[in-house]
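The values are calculated or read from the model by the stated rules, or taken from the named source; none is laboratory data. Being a predicted model, the structure only gives us computed values, none of them experimental. Note that we place each Cβ from the backbone using ideal geometry, even for glycine, and neighbour counts take in every protein chain shown. These accessible areas exclude ligands, DNA and RNA; they are computed on the full protein's heavy atoms, side chains included. Shrake-Rupley method; radii C 1.70, N 1.55, O 1.52, S 1.80 Å.
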Amino acid sequence: MSGWHIGIIGGSGLYDVAGIEDGAWVEVDSPWGAPSDAIFTGRLGHVRVSFLPRHGRGHRISPSELNARANIDCLKRLGVTDVLSVSSVGGLQEGRAPGTFTIVDQFIDRTKGRPSSFFGTGMVAHVSMADPVCPRLSSFAGEAAEAAGAIVHRGGTCLVMEGPQFSTRAESLLYRSWGCHVIGMTAMPEAKLAREAELPFAMVAMVTDYDCWRAEEAAVDVAQVIAQLSSNAEKARAMVLNLLRALPAERAASPIDTCLDTALITAPQVRDPEVLARLDAVAGRVLG
């Protein structure tokens, strides 16, 4: 048993968290480069909190240019135990209407060219992504969102596209045919990297639009997204506070905390010392 330290990665519309006690912006260095911004760290009751604005304050970093490895590495260095991702998305099904929240439980990764692993030549590891989110944290997030007054869908597949352009109509219709529920640009490789860092991960997807699959409506544009962001962000801030207040005093261990125990494959005698040095935070527990 140990305490909670929740890392919150806030996307479009969620650039800060109010109500945090003893909060301060902290600069964290990473061997993977610079994170999106400084990290706001504090406490709410018995829960430690570290908040990272995914696109930087002022929304200055494009989805395709995010340094997700540095973001996850820095949260791990601060002692984060679990990661909550809050993102704005498009709805791919009629029921996933603008203003609703989806607690994502599956992903389809359609990104390209983004570094998606901490591991590679010199230290190879393979983690399971069959069940990519933490059911415990996801359940807490769903309850917290409902308490904030949001219409919440528990479960759903998020199609993660490259961006920064929105989908073509053909792509949007294709993703609907695959059974996807929402579409966004940032959850991958975040979820993969969180798993490699042994951090239980949950995603709250806040729907701002219907993408472009509805023939009777105009295609999504930034003005439409911004118009919905304000309402979503108010509920998101309330959700975060509800979640932090609802967490039990002690955090029971999660199987994800030790998922690297069965993931490392490179023989110890041929592991690259330079690669191991970069892995000191995310995999130091198993690499010694």
Lys, Arg +1 and Asp, Glu -1 on Cβ, resulting dipole of the chain about Cα centre, debye, nearest 20: 100 debye
Lys76: which aspartates and glutamates have alpha carbons under 18 Å from its alpha carbon, excluding same-chain residues fewer than 8 sequence positions away? Glu27, Asp29, Asp37, Glu190, Glu196, Glu198, Asp257, Asp261, Asp280
If I compute solvent accessible area with a 1.4 Å probe over the protein chains, what percent of it on the chain is carbon and sulfur? 53 percent
Of His126, His153, His55, the one that fluctuates the most in a GNM where the chain has Cα springs shorter than 10 Å: His126
Give me the angle, in degrees from 0 to 90, between the Cα long axis of helix 135-147 and the longest principal axis of the Cα atoms of the chain, rounded to the nearest 10. 40 degrees
Expected vector for region 194-209, Karplus 3J(HN,Hα) from phi with 6.51, -1.76, 1.60 and θ = phi - 60°, integer Hz, x for Gly and Pro, equals 4, 5, 5, 8, 6, 10, x, 10, 9, 10, 9, 9, 9, 7, 10, 6
Cut-off 13 Å between beta-carbons: net charge of the residues surrounding Asp105, Lys and Arg +1, Asp and Glu -1: +1
Build a GNM of the chain with springs between Cα atoms under 10 Å: which of Val225, Val26, Val89 gets the top mean-square fluctuation? Val26
Taking K and R as +1 and D and E as -1, what net charge do the other residues with C-beta under 12 Å from the C-beta of Ala147 add up to? 0
If N is the number of residues in region 93-181, what value comes out of its Cα radius of gyration divided by 2.2 N^0.38 Å? 1.31
What residue among Asp82, Asp22, Asp257 shows peak mean-square fluctuation when the chain is described by a Gaussian network model with Cα springs under 10 Å? Asp22
Net charge around Val89, counting only other residues with Cβ within less than 12 Å of its Cβ (Lys, Arg = +1; Asp, Glu = -1)? -1
Per-q log10 I(q)/I(0), the chain, q = 0.08, 0.11, 0.16 Å⁻¹ (Debye; single scatterer per alpha-carbon; no solvent): -0.32, -0.60, -1.28
Eligible lysines near Lys112 by straight Cα distance, threshold 17 Å, same-chain separation 8 or greater: Lys192
Counting other C-beta atoms within 10 Å, and keeping those with at most 12, which DSSP coil trypsin sites (Lys or Arg not before Pro) do you find in region 100-173? Lys112
List, largest first, the extents of the alpha carbons of region 46-130 along their principal axes, each in whole Å. 47, 34, 29
Just to confirm, what accessible area per residue do you get for region 220-262 at 1.4 Å probe, in whole Å²? 50 Å²
Where labels lie 7 Å past Cα in the beta-carbon direction, separation of Met129 and Glu274 in nm: 2.6 nm
Taking amide H positions as placed 1.01 Å from N in the peptide plane, with prolines and chain starts having none, which residues 5 or more places from Leu92, or on another chain, fall under 5 Å of its amide H? Val182, Ile183
